[in-house]
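See below for the structure under consideration.
Only the coordinates and a few stated rules stand behind these numbers; no lab work does. Only a predicted model underlies this, so the values are computations on that prediction, with no experimental measurement involved. Quick reminder, even Gly has a Cβ in these numbers, built from the backbone with ideal geometry, and neighbours come from all protein chains shown.
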Amino acid sequence: MRGYWKRFAELVIGFADKYRFDPFLRAQVNTIGLQAVFAVLILVVVGISFTYLYKEITLTLIQKIRENILLGTGAGDPEIILHELESIKTKNLTVITGSIVFMTVIFGYIIGRITLSPARNALKSQKQFIGNIAHELRTPLSIVKTNTEVTLLDDTIDPKIKHVLKSNVEELNRASEIINNLLSFNSFIRPEQVKFENVDLGKIIESVVHDLLPLADRKHIEIVMRRASRRGDYSTVWGNPTALDQIVRNLLKNSINYTPHDGSIHITTEPYDNLHVRLSVEDTGIGIARKDLFRIFEPFYRVDRSRSREHGGGSGLGLAIVSELVKLHHGKIVMRSTPGRGTNAIVLLHAGEHPAVEDPRRKDDLGFNEVSVDFSARKGAQKNMSVVQGNLL
Ligand SMILES: Nc1ncnc2c1ncn2[C@@H]1O[C@H](COP(=O)(O)OP(=O)(O)OP(=O)(O)O)[C@@H](O)[C@H]1O
Ligand SMILES: [Mg+2]
């Protein structure tokens with residue numbers, strides 16, 4: 001008997017440990033527990049309500065019987081009594097249904113919040129972990145890259161080895177791009193450390209285009225920049241220059257990667273309204289299918305791994321980082337795509353140099369995150385679709 005107790009105690013302790021350390025088990029147990037509490041509460045409400053209904057109907061019946069038969073007052077015919085009982089029943093059932101619906105909504109919200117919180121915390125620690133790892137990897141990676149580049153300067157090296165070293169530098173550049181993207185995770189968890197200032201988005205676009213032009217030239221892709229300035233300068237935004245550079249870089253790189261030879265890319269900045277600037281990166285590329293458009297903002301999501309590699313894409317982090325950075329700026333990102341025709345990424349940001357614009361991080365209470373899909377386009381292969389994500393301006 002003692003053996004059974006011991007095993008039972010071990011099972012309980014094991015479960016308690018798992019509950020403490022496994023956020024998903026915690027979420028599951030919390031859901032089951034809260035659902036049970038909810039079911040008991042509903043049963044109590046239904047029980048009390050039906051007891052009350054039963055009492056009211058019985059009392060009304062007794063009163064009518066007394067009036068009609070015992071006291072002989074002739075208070076009404078059975079039809080009228082039945083009608084009165086019916087209205088009591090309807091009134092009570094309406095109240096019961098209303099309370100159940102109300103309780104379901106409130107409990108649904110509470111259950112959602114409580115049970116999702118372990119998963120939310122786990123996601124946060126995951127981001128922190130990724131950020132820390134990226135930070136640790138950055139230094140050795142840059143040392144290896146510098147050493148390789150210095151070795152390449154030596155003209156006495158065998159051309160075959162030189163070729164290998166050159167391709168190593170290319171791969172190291174790709175790795176450091178991924179590391180930079182991963183490092184952004186830190187800014188999502190510590191947004192208070194990100195400095196905001198007036199930034200000339202036009203200048204950032206120019207510098208990114210300058211960096212990526214060789215890549216576009218290799219595929220004969222034309223890049224057209226347009227800066228609308230109806231009344232004064234409309235490309236100054238309120239944000240963090242590094243983050244904005246990363247947003248533009250990732251979007252433009254995607255457009256170059258996923259646009260076939262001889263295509264074109266248009267980058268535009270223009271006023272959206274008095275307080276916001278609209279950045280648009282539009283390409284004539286392969287586009288994104290509807291089923292994938294839902295998921296492109298997920299970290300590590302690539303439409304097709306082989307397609308991604310073949311087009312020069314990487315880890316599937318680019319758009320996840322872009323959407324997080326847009327959120328950090330309390331902006332909004334919309335992706336529109338027509339498979340076979342092209343993709344248009346639109347980012348709305350707070351304009352700079354406007355006294356009315358405060359630090360966007362203080363606007364937390366006003367904004368809300370939105371992820372939605374626009375199904376307004378007609379059916380057919382050439383349909384336009386869009387996914388919206390970010391804080392509504
Ligand atoms: N302009 C675009 N045209 C067509 N497909 C796109 C475009 N932008 C993104 N995609 C698709 O969305 C997926 C996710 O894009 P994302 O930038 O997050 O990852 P990636 O480009 O594969 O890798 P990374 O950006 O980390 O190097 C890509 O794999 C690609 O298939
Ligand atoms: Mg990308």
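Descriptive notes on the structure:
- Test item: Cα-centred dipole of the stretch 2-124, Lys/Arg +1 and Asp/Glu -1 on Cβ, debye: 1040
- Computed label-point distance, nm, for sites A289 and L59 using a 7 Å Cα→Cβ extension: 6.6
- For the stretch 141-191, the Cβ-based charge dipole about the Cα centre amounts to some 220 debye (Lys, Arg positive; Asp, Glu negative; other atoms uncharged).
- Unsatisfied cross-links (Cα-Cα over 25 Å) in the set K145/K195; K291/K332; K291/K327: K145/K195
- ³J(HN,Hα) computed for each position of the stretch 336-350 - Karplus, 6.51 cos²θ - 1.76 cosθ + 1.60, integer Hz, glycine/proline x: 10, 8, 10, x, x, 10, x, 10, 10, 9, 10, 10, 9, 10, 5
- Residue exposure sequence - W238, W5 - by fewest surrounding Cβ within 10 Å: W5, W238
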